[in-house]
1. Kindly list the number of the only condition in (1) modelled with pLDDT under 85; (2) under 26 Å from the mean Cα position of the chain (by Cα); (3) of a type in the set (K, R) that fails for K614.
2. Just one of I83, I92, I34 is buried (at least 19 other Cβ atoms within 10 Å of the Cβ) and modelled with pLDDT under 80; which is it?
3. Which count do you get for residues in segment 440-457 that are surrounded by 17 or more Cβ atoms within 10 Å (Cβ to Cβ) and over 16 Å from M227 (Cβ atoms)?
4. Would you be able to say whether some residue in segment 620-641 is of a type in the set (D, E, K, R), modelled with pLDDT of 85 or more and more than 20 Å from the chain's Cα centre (by Cα)?
5. Considering only segment 489-510, I want to know if a residue exists there that is under 37 Å from the mean Cα position of the chain (by Cα) and either among the basic types (K, R) or outside any loop (DSSP other than H, G, I, E, B) (or both).
6. Would you mention how many residues in segment 298-329 are in contact with a Lys or Arg (Cβ under 8 Å, 6 or more places away or on another chain), free of Cβ contacts under 8 Å to residues at least 40 places away in the same chain and more than 21 Å from R281 (Cβ to Cβ)?
7. Where in segment 525-596 are there strands (runs of 3 or more DSSP E), lying wholly inside it, with at least 2 residues that are basic (K, R)?
8. Just need a number here: residues in segment 743-756 that are buried (at least 16 other Cβ atoms within 10 Å of the Cβ) and either under 25 Å from S188 (Cβ atoms) or touching an Asp or Glu at 6+ places or on another chain (Cβ under 8 Å) (or both).
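The values are calculated or read from the model by the stated rules, or taken from the named source; none is laboratory data. Given the structure is predicted, the values throughout are model-derived calculations rather than measurements. Cβ: placed from backbone, ideal geometry, glycine included. Neighbour counts: every protein chain shown.
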Amino acid sequence: MKLVFNLQKVFLVLSLFISLTVLGQGTGKINGKILSSDNAPAESVAIALKGTRYSTFTNASGQYEIKNVAPGNYTLVVQGMGIKNITESISIKAGQTLTKSFTLSANQQELNEVVISKNKYKQDKPSVSLRLNTPVLEIPQNIQIVSAQTLKDQQITSMSDGVIRNVSGAVRLEHWGDLYTNITMRGSQIQAFRNGFNVVSSFWGPLTEDMSFVDHIEFVKGPAGFMLSSGDPSGLYNVVTKKPTGISKGEVSLMGGSFDFYRASVDLDGKLDKKGKLLYRVNAMAQNKGSHRHFEHNDRYVIAPVLSYQLNDKSKITLEYNGQFANMTEVGSYYVFGPTNDGYATMPVDFTMTQPGLPDTKISDHSGYLMFEHNFDSNWKLTAQTSYFKYLQDGYSSWPSAVGPVSVDTNNDNEVDTEVLSSGEIIRNVGIWDAESNMYLGQIFLNGKFNTGSVSHKFLGGIDLGSKDYMADWNQSHDLDTLDNPFNVLNPYYGTPANGLPNFDETTPLSQRARGIYGSQYAAGYVQDEIGFLDNKLRLTLAGRFTWIEQTNYYSDPASDSHFTPRVGLSYSIMPSFAVYGLYDQAFIPQTGAIKNGESVKPLTGTNREIGIKKDWFNGTWSTTLSAYSILKQNELTSDPNNSPNQNYSVVLGEKKAEGIEVDLRGKIVDGLNLIANYAFTESKVTESNVDYIIVGSTVPGFSKHTANAWLNYTVQGGVLKGFGASIGGTYLAGRQTDTWSVGLEKLPNYFKMDGGLSYETNKFKVTANVFNLLDEYLYSGSYYSYLKSYYWQTEAPRNFRVGVTYKF
């Protein structure tokens with residue numbers, strides 16, 4: 001800790017020394033605001049001093065600023081694709097701040113269409129909720145943004161429905177099907193965020209977001225001290241919801257597809273007063289969704305209203321609610337256990353073990369947000385927001401009690417001599433899973449920009465507070481089948497089960513029934529300064545976060561810990577469109593558990609070292625990112641292998657190391673032709689182990705060594721076929737790891753899935769049709785469970801389609 005603080009002092013003194021040496025150099029600056037013809041802020045418009053290196057772009061509020069301008073006479077140019085250039089002669093004096101604002105001839109709708117045609121799949125700036133006031137190109141970290149247009153073109157309907165194909169190295173742990181997303185990246189499961197809040201209350205959540213109220217999704221790879229109070233050092237994804245734009249518009253979409261898939265959604269955006277101070281946005285969705293497996297469905301309903309009010313020229317308040325409601329087959333219905341010794345995928349792709357007649361599992365997921373934004377001036381902004389999340393689940397989960405063959409010692413002679421279950425015979429079990437979660441979260445952060453001479457500073461500082469609890473009853477269970485009349489996967493019977501249907505106690509309050517109880521409270525403060533040298537060509541990021549957190553669970557005493565995590569990043573722009581970077585960052589996760597010898601439990605710590613190259617091409621219409629990283633995780637707890645059935649002791653696993661290379665490409669190649677492509681090599685292994693059954697060199701579960709994705713879309717730009725489009729895409733996974741340490745004798749095979757589609761778009765209508773799994777491959781993920789001595793797998797749908805119609809008004 002002393003060393004860390006000493007290093008910080010060195011960096012601070014160095015920065016101050018450099019700053020002082022350049023004080024007194026007389027420069028000026030230019031700022032202003034650009035509006036569209038309908039007085040809406042014009043974002044991403046270029047402002048430049050002709051014939052010089054001085055240039056910038058307007059932000060989401062239409063504001064711009066050019067600093068450190070040498071005194072002299074210049075020609076100011078306002079330009080952008082699809083708008084008429086504006087030029088004006090100006091003069092700058094030492095110490096002067098010149099304000100120049102303009103109104104464009106194009107309206108906001110026209111500007112939006114220009115942005116889409118220019119950068120259909122590429123987004124240059126992170127959202128406000130990511131807290132960084134820096135273009136993605138200049139951030140010393142690999143950050144990938146899945147745009148709204150990508151979600152529409154690929155007909156993605158939920159967070160677990162193909163989003164990850166757009167990000168290098170991301171794979172899903174499909175252990176919970178479409179209920180939870182559970183994304184693994186860089187060798188570990190990453191944290192789930194929504195609008196800048198960490199929405200993980202337990203291992204079982206959050207409910208996967210429906211895309212009807214989602215604007216775009218930001219993937220931050222590696223630790224992120226500017227976001228995380230605590231969390232896995234592999235990274236996070238931040239779901240950014242739709243907000244009012246100030247433009248009166250609407251959109252209605254209808255979609256249908258294979259396996260009884262029907263979906264309708266509406267998006268309304270507009271003003272509630274003539275001055276445009278009070279804005280609204282309402283998204284709603286209803287969906288019936290069947291499955292390629294018999295007796296299975298997942299129906300969803302969404303309502304998501306947002307109100308924003310511009311208090312004055314500098315302050316705005318936003319109130320938002322997201323409600324998601326699900327009626328679905330019991331959790332676990334998608335699992336298949338085959339004949340024990342036959343390995344994976346031995347049953348038809350549509351085979352199911354679920355029992356018809358079980359009641360639906362019902363879920364209500366509520367979240368509310370209140371955000372206040374205040375701009376002190378064009379350089380300083382304060383953001384404060386609070387949120388409340390409530391999750392309610394009432395339902396069942398299914399899992400087998402025994403998978404044949406199973407033999408017992410009937411003569412008590414220490415020899416198994418009677419087979420009670422043959423191969424293919426299973427005792428299915430249904431357990432209750434009622435759950436409730438409450439999260440109270442708050443944040444306040446300050447973004448600022450200032451200069452010390454010719455050295456620029458982008459400051460970020462803030463406080464995070466949170467309280468989370470989760471409780472569940474999964475203690476009541478019921479075998480559907482008997483030893484005399486088991487379920488046989490080779491000759492399945494779906495009538496009334498031999499042991500009848502369950503009758504669980506759901507009248508006793510959940511708080512009295514629950515044994516799965518988890519909670520956490522945390523408080524964190526952080527500060528970050530991005531220091532720009534050489535006209536901001538060289539950027540040094542220095543940051544630190546101090547976090548206190550307390551965690552509780554049913555099986556052990558509460559455990560609290562505090563930790564300081566430093567962050568150092570360096571980014572250099574070789575040219576305005578070409579940057580290289582390096583990053584050192586840390587993360588930590590407090591852990592609860594009991595160790596037999598009474599040793600205290602330390603937090604899990606993670607260290608990330610990363611280098612990378614970022615390049616924008618062809619006037620910023622598409623981008624590439626190449627990164628290499630090494631993540632070290634220490635002190636991770638795992639179950640003690642010497643536990644008796646009624647013991648819950650833990651042991652420290654030791655150390656894990658994840659290393660890899662990632663490549664991401666996205667954007668427009670030529671007019672009408674857009675590409676998303678990525679590749680990742682990932683290797684994650686145990687480097688130190690204190691557990692007998694996990695040896696040094698063991699591969700960590702839950703990732704693919706090679707992950708490659710591509711999505712190519714072309715839209716005809718002119719002529720009689722203008723508006724027609726075609727898409728083709730594919731996903732390839734090799735070296736897939738199962739999601740348990742018990743790998744069995746058979747590994748998961750390589751995976752390849754191809755999708756394709758056609759579309760036609762006019763000013764008002766768009767028709768999109770996609771076919772998924774074009775080659776009709778038998779696709780699945782799975783694992784081996786040693787205690788059941790059996791393989792399980794979960795199949796994906798065979799060849800299927802979706803057709804959607806969207807009307808804009």
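1. (1)
2. Working: I92 fails: modelled with pLDDT under 80; I34 fails: modelled with pLDDT under 80.
Sole residue among the options that is buried (at least 19 other Cβ atoms within 10 Å of the Cβ) and modelled with pLDDT under 80: I83.
3. 6
4. As a first pass, look at segment 620-641 and keep what is of a type in the set (D, E, K, R): 633, 636, 640.
This time we only want the ones that are modelled with pLDDT of 85 or more, so: 633.
Still in the running and more than 20 Å from the chain's Cα centre (by Cα): 633.
Scanning segment 620-641 turns up at least one residue that is of a type in the set (D, E, K, R), modelled with pLDDT of 85 or more and more than 20 Å from the chain's Cα centre (by Cα).
5. yes
6. Adding up the residues that qualify gives 2.
7. Values: elements: 538-553, 556-575, 578-589.
Passing ranges, in order: 538-553.
8. 5
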